[in-house]
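Peer 1: One structure is given below, represented as structure tokens, and several questions about it will come after.
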Amino acid sequence: MTSASKNGRRALLAVAGLSAATLALAGCSAGGGNGDGGSSSSTITVGTTDKVTALDPAGSYDNGSLAVQTQVFPYLLNTDYNSTDVVPDLAESAEFTAPTEYTVTLPAGLKWANGNDLTSSDVKFSFDRQLKIADPNGASSLLYNLDSVEAPDDTTVVFHLKAENDQVFPQILTSFPGAIVDEESFSADSLTSDDDIVAANAFGGPYAIKSYDFNNLISFTKNPNYKGLLKPAETDTVNLKYYADSSNMKLDVQEGGIDVAYRSLSATDIDDLKGNKKVKVVDGPGGEIRYIVFNFDTQPFGAKTAEADPAKALAVRQALADLIDRDALSEQVYKGTYTPLYSYVPEGLAGAVEPLKDLYGDGQGGPDAEKAKKTLEDAGVSIPVDLHLQYNTDHYGPGSGDEYALIKDQLEADGLFNVDLQSTEYVQYSKDRVADVYPAYQLGWFPDYSDADNYLTPFFLIDNFLSNHYVNQEVNDLILEQAVTPDPAARTKLIEEIQNKVAADLSTVPFLQGAQVVVTGTDIDGAVLDGSFKFRFAPLTKG
């Protein structure tokens, strides 16, 4: 049983047995980065090519939506700048009061930006609706161990968990499903529209939203009612400008049309801007991965196809894994800014192993067309295999087109696949992929928190975020077991075992790992890229 209390601004949250495993990366910042800079009343404009799926935290699980939510919604727990330690944010204290009971205490007198009282009832409401709505594009799957929430008084919240000794529950409270919403402004059993949220001024983070033009321009204004871990916002107004084309964003940041460019510039653009004296290029810790997802129902020989055959379906996935040339993708498309990835848990986290290197290709990390051909022939699969492969043009960076064109070339080079390569914009893409429209498709992952669990739970539990109909009860049970195993060595062993089993099944094929990058004008300070994997506007200053 452990506890945390907030003395002034922060205190370490020490969860029994929890190793705050971090990507061995110190956070990076341009300028101060700790919010200690002077107050700035000017306006800062941030550019992005990311897209919002939904403002409602129950209806999104993507970086574009989180980039807005993390500015405007409060979280019970969080990480301070340049730290991976989970500490109280909105909460005053948080502790395990029993093996399946996590108790959080709020300060009295909290208010939403609209003046409504922010109490434990809002917290209970937020988690109850996440579980009830369970939107396919939401992150409620992360709450798999949450049984119920109790609010015995205005400042006390008790989370009742299904399994004892949950090693990751406090970290989950810092991520997507941990956003607290105003029960007087949000629906209890369905998603609330962006317009209704903005009209209600239902915000409790460092910023509120003053004006909202969906995926065009958002204007944030400092929230005077914010009480949390982070210091109040340094700049009164921050605008978030959306770009359809990263080349225009690059042009604007280097010419001063915007102050900050965040997600995503091409590798060529970043390389070019590093030599430009008008801007600063800030690198942050890695953790992003890029991978292909197979839909087990609709992929070639999938469970709901006319030629359903599990063995042939597996052979198709194995052949694809044999043919992917990660080094070529890293160097030819990303100039080394993404590196080859042969594991599910990326390099730098406890439990990272490389089963994909041993099992597929030439055993050294390279492709092997003869092995792929033999795999298909041994399974009785007719060659070439027709594969519909989908990717996205506006969410995973400008390199996606070149990336998937090269993957198509790699798969077709030896006559083993005929690839029908198609692209879709992200707002539609996010709906299609969970509606079984795509047999195989691109996804990227930007972690919610710095722990191996975040690369396993969302993907490989039976009710997972991918909704790709992958079912392996043994993998499911091992994931649940590692999450409640206090001994670090035993937990690491379980994480390695899970990856070996998933690599044999190939629900997904990860192939690249990348870092965070932000480009700012030379008069901008406070751009922090750290292990929280959140780009927070509050410490930004200009001039």
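Peer 1: Give the long-range amide H neighbours of Asn418: residues separated by 5 or more places, or on another chain, with amide H under 5 Å away, using H modelled in the peptide plane at 1.01 Å from N.
Peer 2: Here Val385, Asp386, Leu387 satisfy the definition.
Peer 1: Sticking with this one: Farthest toward the dipole's positive end in the chain, which of Ile289, Phe537, Leu359, given Cβ charges of +1 (Lys, Arg) and -1 (Asp, Glu) about the Cα centre?
Peer 2: Phe537
Peer 1: Roughly what angle does helix 473-483 make with the longest principal axis of the chain, taking Cα atoms, 0 to 90 degrees, to the nearest 10?
Peer 2: Roughly 30 degrees, rounded to the nearest 10.
Peer 1: On to the next question. Mind listing the long-range amide H neighbours of Phe203? Cut-off is under 5 Å, sequence gap 5 or more, other chains count too, H placed in the peptide plane at 1.01 Å from N.
Peer 2: Correct list: Ala113, Asn114.
Peer 1: With a 10 Å radius around each residue's Cβ, average the other Cβ atoms per peptide and rank 420-427, 49-56, highest first.
Peer 2: Peptide ranking by packing, descending: 49-56, 420-427.
Peer 1: Between Asn248 and Asp420, 0.36 nm times their residue separation minus their Cα-Cα distance comes to what?
Peer 2: Result for the pair: 59.0 nm of gain on full extension.
Peer 1: Now for a different question. Helix 488-505 sits at what angle to the longest principal axis of the chain, using alpha carbons and giving 0 to 90 degrees rounded to 10?
Peer 2: 40 degrees
Peer 1: To continue, here is another question. Compare the peptides 256-265, 231-240 by average per-residue count of other Cβ atoms within 10 angstrom and give them in order, highest first.
Peer 2: By packing density, highest mean first, the sequence is 256-265, 231-240.
Peer 1: Which Cα, out of Ser423, Asn223, Ser400, lies furthest along the positive dipole direction of the chain (beta carbon charges, K/R +1, D/E -1)?
Peer 2: Asn223
Peer 1: While we're here: Would you grab the residues whose amide H sits under 5 Å from the one on Asn78? Only those 5+ places off in sequence or on another chain, please, with H modelled 1.01 Å from N.
Peer 2: Here Val87, Asp89 satisfy the definition.
Peer 1: Moving on. For the range 112-160 and the range 168-192, compute the distance between their C-alpha centroids and round to whole Å.
Peer 2: Using only Cα atoms, the two centres lie 6 Å from each other.
Peer 1: Right, another one. Normalised by the residues of the chain, what does the relative contact order come to in percent, with Cα pairs under 8 Å and at least six apart?
Peer 2: 23 percent
Peer 1: In the structure shown, do any of Lys231/Lys280; Lys51/Lys162; Lys124/Lys534; Lys132/Lys493; Lys304/Lys501; Lys408/Lys431 have a Cα-Cα gap over 27 Å, and if so which?
Peer 2: Lys51/Lys162; Lys132/Lys493
Peer 1: Continuing with this model, one more query. Of Leu110, Phe465, His160, which is farthest along the charge dipole of the chain in the positive direction, counting Lys and Arg as +1 and Asp and Glu as -1 at C-beta?
Peer 2: Highest projection toward the positive end goes to Leu110.
Peer 1: Could you work out how far the C-alpha centroid of the range 57-110 sits from that of the range 387-439, in angstrom?
Peer 2: 35 Å
Peer 1: Using θ = phi - 60° and the Karplus relation 6.51 cos²θ - 1.76 cosθ + 1.60, list the HN-Hα couplings for the range 55-68 in order, rounded to whole Hz, with x at every Gly or Pro.
Peer 2: For the range 55-68, the Karplus curve yields 5, 5, x, 7, x, 8, 8, 9, 5, x, 6, 4, 4, 8 Hz.
Peer 1: Would you please put 384-394, 339-349 in order of how densely packed they are, using the mean number of other Cβ atoms within 10 angstrom per residue and starting with the highest?
Peer 2: Descending mean neighbour count gives 339-349, 384-394.
Peer 1: To the nearest 20 debye, what charge dipole does the range 124-193 have about its Cα centre, counting +1 at the Cβ of each Lys and Arg and -1 at the Cβ of each Asp and Glu?
Peer 2: So the dipole magnitude of the range 124-193 works out to roughly 280 debye.
Peer 1: While we're looking at this one, here's another question. If you place +1 on the Cβ of every Lys and Arg and -1 on the Cβ of every Asp and Glu, how big does the dipole about the Cα centre of the range 315-388 come out, in debye to the nearest 20?
Peer 2: 140 debye
Peer 1: Please list 3J(HN,Hα) in residue order for the range 157-163, calculated via the Karplus relation 6.51 cos²θ - 1.76 cosθ + 1.60 where θ = phi - 60°; whole Hz, with x for glycine and proline.
Peer 2: Karplus-based 3J(HN,Hα) across the range 157-163 equals 10, 10, 8, 9, 9, 6, 10 Hz.
Peer 1: Got a number for carbon plus sulfur as a percent of the chain's accessible area, 1.4 Å probe?
Peer 2: 46 percent
Peer 1: Which percent, to the nearest 5, of DSSP beta bridges fully inside the chain are antiparallel?
Peer 2: Once the DSSP bridges in the chain are tallied, antiparallel ones form about 75 percent.
Peer 1: Between Asp378 and Leu359, what is the label-point separation in nm under the 7 Å Cα-to-beta-carbon projection?
Peer 2: Between Leu359 and Asp378, the label points sit 1.4 nm apart.
Peer 1: Calculate the dipole size of the chain relative to its Cα centre from +1 charges on Lys and Arg beta carbons and -1 charges on Asp and Glu beta carbons; express the result in debye to the nearest 20.
Peer 2: Dipole of the chain, to the nearest 20 debye: 1160 debye.
Peer 1: Give a residue-ordered list of calculated ³J(HN,Hα) values for the range 286-301 (Karplus: 6.51 cos²θ - 1.76 cosθ + 1.60, θ = phi - 60°; whole Hz; x for Gly, Pro).
Peer 2: Residue by residue, the range 286-301 yields x, x, 6, 10, 10, 7, 9, 9, 9, 8, 5, 8, 10, 5, x, 6 Hz.
Peer 1: Same structure, new question: For the range 450-495 and the range 202-273, write down the distance between their C-alpha centroids in whole Å.
Peer 2: 34 Å
Peer 1: Further, regarding this structure: For Rg/Rh (Cα atoms, Kirkwood Rh), pick the label among (i) 1.04; (ii) 1.01; (iii) 0.96 that corresponds to the value derived from the coordinates.
Peer 2: (iii)
Peer 1: If you line up the long axis of helix 400-412 against the longest principal axis of the chain, both from Cα atoms, how many degrees apart are they, to the nearest 10?
Peer 2: 20 degrees
The values are calculated or read from the model by the stated rules, or taken from the named source; none is laboratory data. Since the structure is predicted, the reported quantities are computational estimates derived from the model, not experimental observations. Note: ideal-geometry Cβ built from the backbone for every residue, glycine included; neighbour counts use all protein chains shown. Ligands, DNA and RNA are excluded from the accessible area calculation, which covers all protein heavy atoms including side chains. Shrake-Rupley method; radii C 1.70, N 1.55, O 1.52, S 1.80 Å.
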